[in-house]
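In what follows, a single structure is set out as structure tokens and then discussed.
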Amino acid sequence: MGATHHATDQPEWVASFFESAEQQRSAASMGMWLFLAQEILFFSGLFMAYIAYRFLYPGTWLSGAEVLNKWMGAANTVVLLTSSLTMVLAIRDLQLNKTASSVRWIWATVGLAGVFLVVKAFEYAHKFHMGIFPGGHYEGGAVEGMAGIFFGIYYTATGLHALHVIIGMGLLGWLAVKVKNGSVTGENDVLAENLGLYWHLVDLVWIFLFPMLYLVK
Amino acid sequence: MTILLNVLVCFGLVAVGICFFILLPTVGQTLVGVFSVVLGEQSFSFLKREESGTVVRRVDNPPPLAVAEAVDHEDDHHHEPASLQTYVGVYGALLLLTVATVGVSELGMVQRHAIFWALVVASAKASLVIAWFMHVKGGPSSTKMILSTTAFFMIVFFAMTMSDLGTRTFAFAEEGNATVLREANREGRLPAGWSEHSGGPTFTSVDVSPKTAYVGTTLTCSATATDINGDITYRWSDGTEGTTYNVTRFDPVGTDITCTVSGLDELLVEGSKMASAKVVPRPDPT
């Protein structure tokens, strides 16, 4: 469909103020990228806090990272990477008009997000049990120095990331319903693509959080 | 001089950032290529020729931008999905890099090397996700523009903050029951009104045995400490490190051989204590 088509020739899912489906798609996609740009800058504030305090309290960071379980972090990395794969496969099948299979891949993504949260919950529970709470509530003895600051940053960064995962699960569930009832199709798939972009961003943030919190010590 | 250094660091980081985004598709393609070779010839083929139903774009000889745009608009369908092999290849490369980064962390490298390699691997993984899963490679130039602008400002943010923090001196000060980090002058002295943190580990005992020695004696230094973060360092008067010291003919009779133990507390403040043994003439055999 070219840009010369009249509004009346457009499918009903193209808004009246767009000249073409392609224009609507690129506008929606660009809007999503602007949102992702904001998300990247928002998370870089957290990364900056991590870097600045690591610079000031190197000893605390060394002993703090010892408490974190590298293998749980690594397992969660694999889970999130796999969920990114199921997400691209969902969009691929949607674009190939294999709706049923696309819906299955979306639910697989939601399921993997759930697995990620369960592992995260075990990690948090273990730390609460040890008396490791953020900031001034820290009462463990496991970490020397400014442990409250280290775990304040740990809980803020991983907690905000987990919040993104929870929101992503809700949005993907909504997408699965929309794909199933036919309001998102291979032709009109920009919602699926944008939610895919959001999901990959959640994965990207974890790709940096994992080595910085769990591995570098 | 410091200002010059800051400016250079800022420009260096910006340059690295720009290179990163220029190289992004290349890094992605290389890693996918490497993984495909591991997987086998069949999955490697998608890099060599375009199969029907794929949007893997040829890097060599790209059409001019205007032509590319026109071609995009002529397409009946906005974009066909990439091949299954591409996605599985990217996924495999991501898994390999995850194994690599965990493996590297097990090597017990010097900390700053460990940080460097962890971030290199994380950036490679991020490049793969951005280029292939998020379809930035072969995507519209507006996306690349937004992404590089974001990266630019992120780097400015990091570089400015770190060049500020890195050019100040800090020292620990006592404030009531708390120890706080305060800005100090270049010599590390705190401003008037602040009492310096009198920290450092407390050495409850330091002992060199035996107390008298002669040529051939092996001295052993032992110490216990509280509030210590890490290991105790044992340093002898001749500059060598270790818990034992062999008295030789180069240690004249009458000298004191000292063992200085030191260590860092949780705030990395150093503390030390000393013990010694005296060199005496070797007793005559009886």
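For segment A:142-189, taking the reciprocal of the average inverse distance between every pair of different Cα atoms yields a Kirkwood hydrodynamic radius of 13.5 Å.
Annotation for A:Phe18 and B:Thr240: the two label points, set 7 Å from Cα along the Cα-Cβ direction, are 7.9 nm apart. Take every Cα pair under 8 Å whose residues are at least 6 apart in sequence, average their separation, divide by the length of chain A, and the relative contact order is 28 percent. Under the simplified labelling scheme, the B:Thr212-A:Ile51 pair shows an inter-label distance of 6.2 nm, with each label point 7 Å from Cα along Cα→Cβ.
Derived from the Cα gyration tensor, the three semi-axes of the equivalent ellipsoid of segment B:214-286 are 30, 10, 9 Å, largest first. Measuring between their Cα centroids, segment A:90-130 and segment A:141-217 lie 11 Å from each other. Given segment B:86-198, report the % of alpha carbon pairs whose separation exceeds 20 Å. Within segment B:86-198, distances greater than 20 Å cover 66 percent of Cα pairs.
Any chance you could run the full-extension gain for B:Val180 through B:Phe116? It's 0.36 nm times the residue separation minus the Cα-Cα distance, nm to one decimal.
20.1 nm
What the Cα convex hull of segment B:166-208 gives, in volume per residue, is 117 Å³.
Annotation note: trypsin sites (Lys or Arg not before Pro) in segment B:153-218 located in DSSP loop regions with a Cβ neighbour count of at most 13 within 10 Å are B:Arg168, B:Arg186, B:Arg189, B:Lys211. Footprinting exposure proxy ranking of B:Ser262, A:Ser102, fewest other C-beta atoms within 10 angstrom first, gives B:Ser262, A:Ser102.
Please compute the net charge surrounding B:Thr202, taking Lys and Arg as +1 and Asp and Glu as -1 over other residues with Cβ under 11 Å from its Cβ.
Net charge around B:Thr202: -1.
Normalised by 2.2 N^0.38 Å, where N is the number of residues, the C-alpha radius of gyration of segment A:44-84 stands at 1.47. Size descriptor for segment A:91-217, Kirkwood hydrodynamic radius: 16.5 Å (Cα pairs only, one decimal).
For segment A:81-127, trypsin sites (Lys or Arg not before Pro) meeting the loop criterion (DSSP other than H, G, I, E, B) and having at most 16 other Cβ atoms within 10 Å: A:Lys98. Is the shape of segment A:1-130 best called rounded, prolate or oblate, per the rule: a/c under 1.5 gives rounded, else a/b larger than b/c gives prolate, else oblate, with a ≥ b ≥ c the square roots of the Cα gyration tensor eigenvalues? Oblate is the answer for segment A:1-130, as a/c is 1.5 or above yet b/c matches or exceeds a/b.
As a proxy for reagent exposure, ranking B:Val279, A:Val118, A:Val202 by other Cβ atoms within 10 Å from fewest up yields A:Val118, B:Val279, A:Val202. Compactness of segment B:161-255, taken as the C-alpha radius of gyration over 2.2 N^0.38 Å, stands at 1.63.
From helices alone, chain A scores -26000 deg cm²/dmol at 222 nm; the rule is -39500 (n - 2.57) for each run of n ≥ 4 DSSP H residues, then divide by the residue total. Values of log10 I(q)/I(0) for chain A across q = 0.12, 0.13, 0.15, 0.16 Å⁻¹ run -0.71, -0.79, -0.95, -1.03, by the Debye formula with one identical scatterer at each alpha carbon and no solvent. This ranking places A:Phe122, A:Phe116, B:Phe172, A:Phe18 by how few other beta-carbon atoms lie within 10 Å of each, fewest first, which gives A:Phe122, A:Phe18, B:Phe172, A:Phe116. Membrane-span-like helices of chain A, defined as complete DSSP H segments with a Cα extent of 18 Å or more along the helix axis and a mean Kyte hydropathy of at least 0.0, are identified as A:21-56, A:70-95, A:99-129, A:147-180, A:190-210.
Only the coordinates and a few stated rules stand behind these numbers; no lab work does. Bear in mind the structure is a predicted one, so any value in this text is a computation, not a measurement. Heads up, the Cβs are rebuilt from the backbone with ideal geometry, glycines too, and the neighbour counts pull from every protein chain shown.
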